[in-house]
Every structure is written in structure tokens, then in C-alpha cells.
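Visitor: After the C-alpha cells below, expect a handful of questions from me.
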Amino acid sequence: MSEEEWLRQDRLPHIFCAGCGNGTVINCTLSAVEQIGWKKQDTIFVSGIGCSSRAPGYISTDSLHTTHGRALAFATGIKLANPGLNVVVFTGDGDLAAIGGNHFIHACRRNIDITVVCMNNMIYGMTGGQGSPTTPLGGLSTTTPYGSKEPAFDLCGLASAAGANYVARWTSYHVRELTRSILTGLETPGFSFIESLVQCPTNYGRRNRFKQVTDQIEYFRSHTILVEKAVRMKEKGEEVPADMILSGEFVRRNRPALGVRP
Amino acid sequence: MRLQIDERRCKGCNLCTLVCPYRIFKPGKRANLRGVIVPELDRPERCANCRLRDLYGRTLCGMCQMICPDQAISWVKEEEHVPKKVAIEY
Ligand code: SF4
Ligand code: SF4
């Protein structure tokens, strides 16, 4: 089988804007699912509301498109009702961190055996570009026309502190690494959280000096730094530039998990 | 194997032009029927995947396919060239 067979051919091309990174993350996830060799009938994709949450609609397995922010609650229900199913959640930054924030920390705390792929586009894309909890400091959006004055939410830090078993962050430029991390997440028993920064050319890029889609990808390429390297720099007493995006694997541990297949 | 861009899916974001180590994709110039400026392929037979995929039995490189948000890039089997006899009637 190939990734192409996991897609619902009749639904393509999808409705994401030209150059939207969500499509890349779908590719990476399907590639990882393909590598781990799951069967279509035992795999289920769950999502909430938002641009990213349209993703399961293009995948030819069972899927749930649930209410805003509640994807994790539905996924917990599925996993507890039938631990034999493999559950993957697609979610966005607003869906996960703002509206569904409480579900997120408690899913981490319970360490339920699901994999969450968060496509973080740093803005509310579907509703017209309002600032989200992950809009970086100084980022322009329709609700922060003079630049965001609030510090952004570090979702990986939150997941690590709340008790997830596997936490990683990449961007949509790092397709290989992202695929590898999603694969590790799928293999890990317990809650795995993979955050991927994605470009949003229509709402974020257009307002933040990224004229072309490729400009934002170039930015991701030049402004990411591996966690290990950041730690080394700190040990040497060097300053890690504030606008650098920390990427890599943050946590890999073995806390007792809920809902693991007996 | 032959590299191809599915014109019905491509939305012309030019991400593929960034990642190919051989710079096979070039930003296009003319809009197609759907109004999308699809990238042009510059000597696609250089692609590592086109040349060696059958030999290794797996996808090599494949960066363009992975990063393409619209699942527009694929490889198709080339049909072997069969010489045809043409009967000419006088
Ligand atoms: S990455 Fe895909 S959608 Fe974008 S220009 Fe290339 S083929 Fe078209
Ligand atoms: S598979 Fe690699 S070498 Fe071939 S066209 Fe794509 S990026 Fe270029």
C-alpha cells in the first residue's frame, strides 16, 4: 500500500489555501502510519474545528470531526471504549491550546495512549486571522494590529510538564524529521504530542512580511535550532537568540499509560 | 519512472522548487486552465527517484513529494517503447 491509498481521491484537491502547510503534515502523518503498518479498519483520525481539523476528511479511514476543542475528549472516549483502535488526533493551535486547553492538560496527565499531531499556524486561520495563544511576540493579526504584546504559549513545555510520554516539535520544512517523530509517537505507548509549525500564507504570512509561501519556509529553515544545540550553547554561557524556534525531541519517557491494548 | 505534477491538484505554491537537490522544479511562467502557475520540470530524468527507484525497490529522496501540500507530485511507470510496424498502403 502507499500513502496515496490512504487519501480519499474523490475529495482532492483539498480546500487548504495554496501553500498551506497542513497538507505537508498530512503527508508526513500518512507516511508514518504507512511505515508502522496499521490497517485502515483499526485506525481512526479525530479532529476538532479549524483549518487543520479538516484533515481527517481527506483520509479514507473512519474519522470524527468533532466540536471545537473537544477532539481529545472524543479521542479519549474512543480509546477507552475500544483499546484495540489506533487513534490519531489532528488539531490546531487554537483548537488545542485555547478552546481545548483543559482537555489537553488532562489528556497529558492521564497519559492516554493516543498520538496528537498539532499543526500550529500561529493564528486563527479559518475565522479570518485573529491572534491565537501561540501568535509570537510582535506577530501581526487582525486582533493584534500593532503586534502581539503577549508571550506565546509553549505547547511542548506544557505537554512535558503535564506528563506526556513523548513530546517533539518540528516545522513543515523538516519533513523527514517530522515523519520520524510521528512514527516514534505512534510507537510510544501513552500520550504522544508532536507539534509542527506550519506556514499560513493567507492569514499569517501575508500580514507578517512573508510575501511568498517560500519565504516563510525559508524562515523556518533558518530560525530553528535543535534542543541539544541550545542546551550546549547555554552550557557554554552563550545566549540563544530569542526568536529561535526550539525543535527536536523534548521528552521520551515511560510513565504508566491509560488505554494501552492489554 | 517518470516524474509528473498533477495539474488538477497543484496550486502553484513553489515549495517544490526549494527542496529538490537537483533543482528540477523551476517556477512556471504560464497559468494553466485553472489559473494556476504550475512549476516547470527541468530535465526530470535526473531525479534520483526516477533513476534508481526500481533498482532499490523503495522511494529514494522523495522530498518534493513529501513537502508538496497538495499531493500533486508522483512517479508513474514508463511504458516500454515498443517499435510498431507501420504498413504503408500505396
Ligand atoms: S509543491 Fe506541489 S502544489 Fe506547490 S507548486 Fe510544487 S507541485 Fe504545485
Ligand atoms: S525525488 Fe528528490 S531528486 Fe527527485 S525530483 Fe523530488 S526532490 Fe528532486
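The values are calculated or read from the model by the stated rules, or taken from the named source; none is laboratory data. Note that the structure is predicted; figures quoted are calculated from it, not measured. Here the Cβ is made from the backbone with ideal geometry for all residues, glycine too, and neighbour counts use every protein chain on show. Remember, those area values only see protein heavy atoms, side chains included, never the ligands or the DNA or RNA. Shrake-Rupley method; radii C 1.70, N 1.55, O 1.52, S 1.80 Å.
Visitor: Mind checking whether some residue in the range A:230-238 is open to solvent by less than 70 Å² (accessible area, probe 1.4 Å) and closer than 30 Å to residue A:3 by Cα?
Guide: no
Visitor: On to the next question. Mind listing whichever residues of the range B:11-63 are in contact with a Leu (Cβ under 8 Å, 6 or more places away or on another chain), modelled with pLDDT under 90 and among the basic types (Lys, Arg)?
Guide: The one that is in contact with a Leu (Cβ under 8 Å, 6 or more places away or on another chain), modelled with pLDDT under 90 and among the basic types (Lys, Arg): B:53.
Visitor: I've got another one for you. Can you find, within the range B:32-44, the residue that is farthest from ligand 2 (Cβ to nearest atom) among those that are away from chain A (no Cβ under 14 Å) and surrounded by 12 or more Cβ atoms within 10 Å (Cβ to Cβ)?
Guide: B:40
Visitor: Do any residues in the range B:58-86 that are within 11 Å of chain A (Cβ to nearest Cβ) have Cβ atoms under 9 Å from those of residues that are open to solvent by 100 Å² or more (accessible area, probe 1.4 Å) and in a loop (DSSP other than H, G, I, E, B), where the two are at least six apart or on different chains, and which pairs are they?
Guide: Here the result reads B:72/B:8, each pair linking the range B:58-86 to a residue that is open to solvent by 100 Å² or more (accessible area, probe 1.4 Å) and in a loop (DSSP other than H, G, I, E, B).
Visitor: List every residue pair whose Cβ atoms sit under 6 Å apart, with the two residues 6 or more apart in sequence or on different chains, where the first one lies in the range B:21-42 and is β-branched (Val, Ile, Thr) and the second, anywhere, is away from ligand 1 (no atom under 11 Å from the Cβ) and open to solvent by less than 20 Å² (accessible area, probe 1.4 Å).
Guide: Here the result reads B:24/B:47, each pair linking the range B:21-42 to a residue that is away from ligand 1 (no atom under 11 Å from the Cβ) and open to solvent by less than 20 Å² (accessible area, probe 1.4 Å).
Visitor: Right, something else. Give me a count of the residues in the range B:11-31 that are within 14 Å of ligand 2 (Cβ to nearest atom) and within 14 Å of another protein chain (Cβ to nearest Cβ).
Guide: Residues of the range B:11-31 that are within 14 Å of ligand 2 (Cβ to nearest atom), as a first pass: B:14-26.
Next, only the ones that are within 14 Å of another protein chain (Cβ to nearest Cβ) stay: B:14-21, B:23, B:25-26.
Going through the range B:11-31 one residue at a time, the tally reaches 11.
Visitor: How many of the residues making up the range A:172-211 are part of a loop (DSSP other than H, G, I, E, B) and either without any contact (Cβ under 8 Å) to a residue 24 or more places away in the chain or closer than 21 Å to residue A:110 by Cα (or both)?
Guide: Of the residues in the range A:172-211, 7 are part of a loop (DSSP other than H, G, I, E, B) and either without any contact (Cβ under 8 Å) to a residue 24 or more places away in the chain or closer than 21 Å to residue A:110 by Cα (or both).
Visitor: Please give the helices (runs of 4 or more DSSP H) falling wholly within the range B:1-87 in which 2 or more residues are more than 13 Å from ligand 1 (Cβ to nearest atom) and of a type in the set (D, E, K, R).
Guide: B:48-56
Visitor: Now a separate question. Counting just the residues of the range A:159-173 that are under 21 Å from residue A:125 (Cβ atoms) and out of contact with any Cys (no Cβ under 6 Å at 6 or more places or on another chain), which one comes out surrounded by the most Cβ atoms within 10 Å (Cβ to Cβ)?
Guide: Per the stated criteria, the residue is A:172.
Visitor: Could you go through the range B:50-65 and let me know if any residue there is open to solvent by less than 30 Å² (accessible area, probe 1.4 Å) and either under 30 Å from residue A:206 (Cα atoms) or more than 9 Å from ligand 2 (Cβ to nearest atom) (or both).
Guide: Checked the range B:50-65: at least one residue is open to solvent by less than 30 Å² (accessible area, probe 1.4 Å) and either under 30 Å from residue A:206 (Cα atoms) or more than 9 Å from ligand 2 (Cβ to nearest atom) (or both).
Visitor: Test of understanding: among A:97, A:75, A:71, which residue is of a type in the set (A, V, I, L, M, F, W, C), surrounded by 20 or more Cβ atoms within 10 Å (Cβ to Cβ) and more than 23 Å from residue A:256 (Cα to Cα)?
Guide: Exactly one of A:97, A:75, A:71 is of a type in the set (A, V, I, L, M, F, W, C), surrounded by 20 or more Cβ atoms within 10 Å (Cβ to Cβ) and more than 23 Å from residue A:256 (Cα to Cα), namely A:97.
Visitor: Still on this structure: Could you name every one of the helices (runs of 4 or more DSSP H) located completely within the range A:1-94 that has at least 3 residues being more than 12 Å from chain B (Cβ to nearest Cβ)? Break it down into steps so the answer makes sense when it comes.
Guide: Details: elements: A:3-6, A:22-36, A:71-81.
Per the criteria, A:71-81.
Visitor: Residues being in contact with a Ser or Thr (Cβ under 7 Å, 6 or more places away or on another chain), of a type in the set (A, V, I, L, M) and within 12 Å of chain B (Cβ to nearest Cβ): count how many of those fall in the range A:183-213.
Guide: Matching residues across the range A:183-213 total 1.
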